[in-house]
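Comments concern the structure below.
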Amino acid sequence: MGLQGYEHEDGSVIFDGEDIAELSITERARKGITLAWQEPARFEGLKVRDYLAIGARDNGGITEEKLKEALTRVDLKPEKYLDREVGEALSGGERKRIELASIITMKPKLAILDEPDSGIDVVSLKEIVALIQTLKENGSSVLVITHREEIAAASDKASLMCEGAILRSGDPLEISEFFKNRCIPCDSRVSPPKVI
Amino acid sequence: MARITLNALSRDDEDIAEAYTAAGGDAAVLHNHEASSLVVSGNKVLSANGTEGIVLEKKETEHGVDIKMTILKGYKIPLPVHLCFGLIPKDGIQEILMDFVAEEDSEVELIAHCTFPNAEKVVHKMDAKMVIGKNASLKYTETHFHGPHGGIQVLPKAHIIIEEGGSYFTNFSLISGRVGYLEFDYSVDAEKDSICEMVTKVYGKADDKIKILEKISLNGENARSVIKSRLAITDNAESIFRGITEGHAPRARGHVDCMEVIQGNAKAEAVPIVRVDNPLAKVTHEAAIGCVDKKEVETLMARGLEEDDAIDVIVKGMLA
């Protein structure tokens with residue numbers, strides 16, 4: 001995403017046929033790529049309605065109806081949240097849902113969701129999956145970083161990443177099985193195949 | 001002193017109305033006879049309107065106005081009282097002396113706009129004494145506009161006494177245009193079961209100088225307070241914040257919270273001071289000075305904003 005602290009060393013990042021490796025966060029966002037952080041930021045004084053509208057600026061703005069619809073999609077009551085601040089008074093889970101709503105209003109070509117289920121209770125995993133489906137139906141590709149099998153299972157394709165390298169790609173269920181059977185909780189190693 | 005109790009209007013002035021609007025006020029409220037209002041330009045009272053439950057006295061002095069406002073016992077004033085203090089010329093002095101009393105069980109909201117749109121060599125002083133009576137409530141919002149030149153010294157000073165069960169909420173805001181030199185000096189004595197919340201929000205630019213001095217003495221049992229300061233400074237602006245809270249009584253609770261964002265060559269200093277001499281009182285503090293949070297900026301950039309626009313949104317949110 002071009003975040004500070006990550007330097008481009010080698011290779012290309014191709015998006016829509018263009019190398020975007022040297023582009024800034026803003027330039028990438030304007031090409032349709034956005035990111036939802038694992039731990040969303042707090043914005044003292046910034047109203048939820050204004051926050052959700054920011055991503056829609058480049059799409060000609062947003063209507064009140066669409067703002068409400070985005071909040072409803074993440075299971076938040078619009079009348080309760082639209083005029084609240086995206087600040088400390090919101091719980092981590094609420095901020096997470098609002099972050100995801102901001103992705104909906106932006107309508108990106110590619111949404112990168114970093115652990116979208118973190119901070120959200122287990123019961124709500126289905127909602128996250130439904131949200132990913134919504135983004136897909138709205139024309140967005142979704143790249144999800146997750147440790148949850150349920151989230152991976154909702155994907156079309158999964159890759160297993162270890163120490164910055166993709167070890168394996170393919171069917172999400174197959175990748176999940178590989179992860180469960182072969183990966184062990186240590187820094188970077190893959191265990192030998194089980195002897196049957 | 002002239003004593004005005006009901007709808008005694010003098011003439012209005014287009015310039016001050018325009019300046020009032022520039023400061024964020026709605027000039028129409030100054031003509032609403034159902035709401036109390038007072039408009040002072042330099043040392044001239046341009047209009048004064050009192051409504052039932054409010055006694056408003058004013059006297060023009062060489063450089064300003066002496067004002068005495070009393071909210072009578074038991075009156076809950078339904079509409080906010082609008083005050084406008086300003087000076088239209090590019091130079092001059094304005095001195096406001098304010099003696100405010102909210103009598104027992106009364107309730108009022110004051111909305112003040114102080115506007116100096118052309119200030120190049122202006123001094124504005126306010127010296128206020130405010131008494132919030134037993135179980136009375138005052139909400140006081142003061143918004144300043146000093147124009148683009150920075151040629152102004154603004155010296156608001158107030159001593160507030162909150163009697164038993166009273167509450168005082170104040171919000172001082174100076175976020176558009178230049179600051180010039182600001183020395184904000186408020187002190188509060190809070191008695192038993194009283195509540196005090198003081199919020200200051202200032203945006204300094206160019207070579208603006210900002211001094212915020214706030215002190216709350218929690219003298220009475222169960223008195224509670226918050227000092228909250230939000231400052232943003234950029235260019236070569238400088239700010240000093242001193243927020244003092246003293247806990248002198250059992251179950252007194254106070255908190256001092258200062259957050260400052262600095263950019264460019266700006267310099268900021270924040271000193272929250274807590275003093276407690278009663279073992280059952282508790283006063284806490286926090287202060288943070290620094291650049292705008294990186295994750296906040298990057299989040300907004302990931303929604304398509306340029307970095308400067310993202311910082312602007314964050315700073316304006318903090319000062320909103």
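Can you pull the mean other chain C-beta count within 10 Å for peptide A:37-46?
So the per-residue partner count for this stretch is 6.
Could you pull out the pairs from A:Lys109/A:Lys180; B:Lys139/B:Lys295; B:Lys201/B:Lys295 whose alpha carbons sit more than 29 Å apart here?
Distance filter (> 29 Å) returns A:Lys109/A:Lys180; B:Lys139/B:Lys295.
Would you mind ranking A:Ile166, B:Ile273 by Cβ crowding within 10 Å, fewest neighbours first?
Final ranking by Cβ density, sparse to dense: A:Ile166, B:Ile273.
Residue-wise, which Karplus ³J(HN,Hα) couplings in Hz belong to region B:130-147, taking 6.51 cos²θ - 1.76 cosθ + 1.60, θ = phi - 60°, and x for glycine or proline?
Each residue's phi maps through the Karplus curve to give 10, 10, 9, x, 4, 6, 8, 9, 10, 10, 10, 10, 10, 10, 10, 9, 10, x Hz.
What does the charge add up to near B:Leu72, with Lys and Arg as +1, Asp and Glu as -1, over the other residues with Cβ less than 12 Å from its Cβ? Provide the component values of the computation, followed by the final result.
Details: positive: B:Lys73, B:Lys76; negative: B:Glu52, B:Glu103, B:Glu104, B:Asp105, B:Glu107.
Net charge around B:Leu72: -3.
What list do you get for A:Tyr6, B:Tyr20, A:Tyr51 if you sort them by fewest beta carbons within 10 Å?
Values: A:Tyr6 8, B:Tyr20 26, A:Tyr51 23.
Arranged by neighbour count, lowest to highest, A:Tyr6, B:Tyr20, A:Tyr51 become A:Tyr6, A:Tyr51, B:Tyr20.
Which of rounded, prolate or oblate describes region B:126-185 when judged by the alpha-carbon gyration tensor and an a/c cut-off of 1.5?
Numbers: a/c = 4.76, a/b = 2.44, b/c = 1.95.
Prolate, because a/c is 1.5 or more and a/b exceeds b/c.
Please state the relative contact order of region B:186-275 as a whole percent: Cα pairs under 8 Å, 6+ residues apart? Walk me through the numbers before you get to the answer.
Working: 261 pairs, mean separation 27.6, N = 90.
Answer for region B:186-275 is 31 percent.
Just rank B:His149, B:His31, B:His82, fewest to most, by other beta-carbon atoms within 10 angstrom. If you can, show how the numbers build up before the last one.
Numbers: B:His149 18, B:His31 13, B:His82 23.
Lowest to highest Cβ neighbour count: B:His31, B:His149, B:His82.
Principal axis extents for region B:248-320, Cα atoms only, whole Å, descending order, please.
52, 26, 19
If you take each beta carbon of peptide A:24-34 and count the beta carbons of other chains within 10 angstrom, what is the mean?
Per residue, the average neighbour count from other chains is 5.
So what's the back-of-envelope 222 nm ellipticity for chain B, counting only DSSP H runs of four-plus at -39500 (n - 2.57) apiece and dividing by all residues, rounded to 500?
Working: 3 runs with 30 residues, N = 320.
The helix contribution divided over chain B gives -3000 deg cm²/dmol.
Would you work out which of B:Leu218, B:Thr284, B:Phe241 lies farthest towards the positive end of the dipole of region B:2-294? Charges go on Cβ: Lys and Arg +1, Asp and Glu -1.
The Cα lying farthest towards the positive end belongs to B:Thr284.
For peptide A:47-53, what's the mean number of Cβ atoms from other chains within 10 Å of each residue's Cβ? Mind dumping the intermediate values first?
Values: counts 2, 0, 0, 4, 5, 1, 1.
Taking the mean over all residues of the peptide, I get 2.
So how many Lys-Lys pairs in region B:29-96 land under 16 Å Cα to Cα, not counting same-chain pairs under 8 apart?
Lysine pairs, 8 or more places apart or on different chains, close enough: 5.
Take the Cα pairs of region A:32-156, get the Kirkwood Rh, then feed it into Stokes-Einstein at 25 °C and 0.890 mPa s and tell me D in µm²/s.
Details: Rh = 14.3 Å.
In µm²/s, the coefficient is 171.
If you restrict to DSSP beta bridges whose two residues both lie in region B:2-294, what percentage is antiparallel, to the nearest 5?
Around 10 percent antiparallel, to the nearest 5.
Let me see the pair-distance distribution of chain B: every alpha carbon pair, 20 Å bin width, integer percents in order.
Final binned percentages: 32, 56, 12, 0.
Only helical DSSP H runs with n ≥ 4 go in: add -39500 (n - 2.57) per run for chain A, normalise by residue count and round the 222 nm mean residue ellipticity to 500 deg cm²/dmol.
Details: 8 runs with 71 residues, N = 196.
Mean residue ellipticity, 222 nm, calculated: -10000 deg cm²/dmol.
Provide the net charge surrounding A:Glu85, with neighbours chosen by a C-beta distance below 10 Å and charges set as Lys +1, Arg +1, Asp -1, Glu -1. Before the final figure, lay out each step's value.
Working: positive: A:Arg42, A:Lys47, A:Arg84; negative: A:Glu44, A:Asp50, A:Asp83, A:Glu88.
Spelling it out: positives minus negatives among the neighbours equals -1.
With chain B treated as a Gaussian network of Cα nodes joined by springs under 10 Å, which of B:Ala17, B:Ala302, B:Ala102 yields the largest mean-square fluctuation?
With Cα springs under 10 Å in chain B, the top fluctuation among B:Ala17, B:Ala302, B:Ala102 is at B:Ala302.
Positive end of the dipole of the protein assembly as shown, charges at C-beta (+1 Lys, Arg; -1 Asp, Glu), about the Cα centre: which of A:His8, B:Pro250, B:Ser47 has its Cα farthest in that direction?
The residue sitting most towards the positive pole is B:Pro250.
Taking N as the number of residues in region A:21-64, what value does Rg over Cα atoms divided by 2.2 N^0.38 Å take?
Values: Rg = 12.3 Å, N = 44, 2.2 N^0.38 = 9.3 Å.
Compared with the compact-globule rule of thumb, region A:21-64 sits at 1.33.
Computed over the Cα atoms of the protein assembly as shown, what is the convex hull's projected area averaged over all directions, in nm²?
Details: hull surface 118.8 nm².
Projected area, direction-averaged: 29.7 nm².
Bear in mind these aren't lab numbers, they're just calculated from the coordinates by the rules spelled out. This one's a predicted model, so the numbers in the text were calculated from it and none came from an experiment. As a convention, Cβ positions derive from the backbone with ideal geometry for all residues, glycine included, and neighbour counts pool all protein chains shown.
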